[in-house]
Amino acid sequence: MRKRTEPVTLEHERCAASGSSSSGSATAALDADCRLNQNLRLAGKGPEPRCAADSGMKRTLGRRKGLWFRLRKILLCVLGLYIAIPFLVKLCPGIQAKLIFLNFVRVPYFIDLKKPQDQGLNHTCNYYLQPEEDVTIGVWHTIPAVWWKNAQGKDQMWYEDALASNHPIILYLHGNAGTRGGDHRVELYKVLSSLGYHVVTFDYRGWGDSVGTPSERGMTYDALHVFDWIKARSGDNPVYIWGHSLGTGVATNLVRRLCERETPPDALILESPFTNIREEAKSHPFSVIYRYFPGFDWFFLDPITSSGIKFANDENVKHISCPLLILHAEDDPVVPFQLGRKLYNIAAPSRSFRDFKVQFIPFHSDLGYRHKYIYKSPELPRILREFLGKSEAERQH
């Protein structure tokens, strides 16, 4: 019995040893594989566990949902504002009036209007006139450039007396926004002064350092007051009226009134004019986003009319009896060129102009004069000389 059991025992021991050896090698192989996967994950080369991948995907989807939620919220706010603005304008017509006048936009801001010499106008005097009680307007008077040396150190009385000299006078009516010290306006004064003109300009009530509340009636009355002030000092010198942009509306209002009282100016010059304020507002670049909004006229244009703002150039020119010159750039982005052309087509056949010259001068878009840089044209001196020379001949005749 001992002999038979001994081999079995030895065999069992060999099997146990063999089993132990194979189990150890499998465990070692598994540990090595785990260490390899761990090293690969640390190096960024191995696949992540399924739970980690799912977690990363959830975070990505969460971020996308958060971004879309915020974007949708912004879009809803913009849409709500877009819809609310027309109702706000309709309920508060004064908003539309402020957007037309833009008198609260003072550009350039850091200038002293009492010192025009700071803008390179060392032959200019600053005045203050009072058209009505509680209304004061700031005025600049630039004399012809040939007198700039004589003008140094002179007082207001000297400048007023100079209006009676043998030089024509231009009353310049600026557009909305800014002041009489605006850069492009100052450059035009310099050009006109170099051509031998007196240039008298002012800020309407509510603009610049002028005191009062803006309105179409008030702006027109301010212009009338300054015109009468000039005529009281200019003797027989010709007086021309030059309006730019919104100032063309003031200019035609003024000249119509002057013609009705039989004291017309010697000529009217309109730079970048429109037909009437409703058509201009509809054509303005700011109205593009609402131009096809249902009820555009009711929401945006009717409040302008209800505020008493018309600036009806197309009606005024039918009652004006003096030479008319219209200047307009084809690339004007503010007052479309076709409005200036349309105004000319209304004025030219009018009976009120049958004895006077009416001329339209376009400036090609390649020149880049846009809304306010016609003063840069080298042709401008010739245009003015020829037109105003003929106007003076008509006046004398």
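The values are calculated or read from the model by the stated rules, or taken from the named source; none is laboratory data. What you are looking at is a predicted structure, and each value in this text was computed from that prediction instead of being measured. Every residue, glycine as well, gets a Cβ built from its backbone with ideal geometry; the counts of neighbours run over all protein chains shown. Side chains included, ligands, DNA and RNA excluded: accessible areas come from the protein's heavy atoms. Shrake-Rupley method; radii C 1.70, N 1.55, O 1.52, S 1.80 Å.
With 30 Å as the limit, the listed pairs Lys98/Lys149; Lys282/Lys318; Lys115/Lys318 have Lys98/Lys149; Lys115/Lys318 beyond it between alpha carbons.
Relative contact order for segment 231-313: 33 percent, from Cα pairs under 8 Å spaced at least 6 residues apart, divided by residue count. From most to least packed by mean Cβ count within 10 Å, the peptides 374-386, 171-183 give 171-183, 374-386. Taken along its principal axes, the alpha carbon cloud of segment 137-199 reaches lengths of 32, 24, 18 Å, longest axis first. Could you check how many percent of all C-alpha pairs in segment 101-245 are farther apart than 25 Å? Tail of P(r) above 25 Å: 20 percent of Cα pairs. In whole percent, and with a 1.4 Å probe on the protein chains, what portion of the accessible area of segment 128-286 is carbon and sulfur? Heavy-atom surface of segment 128-286 belonging to carbon and sulfur, 1.4 Å probe: 49 percent.
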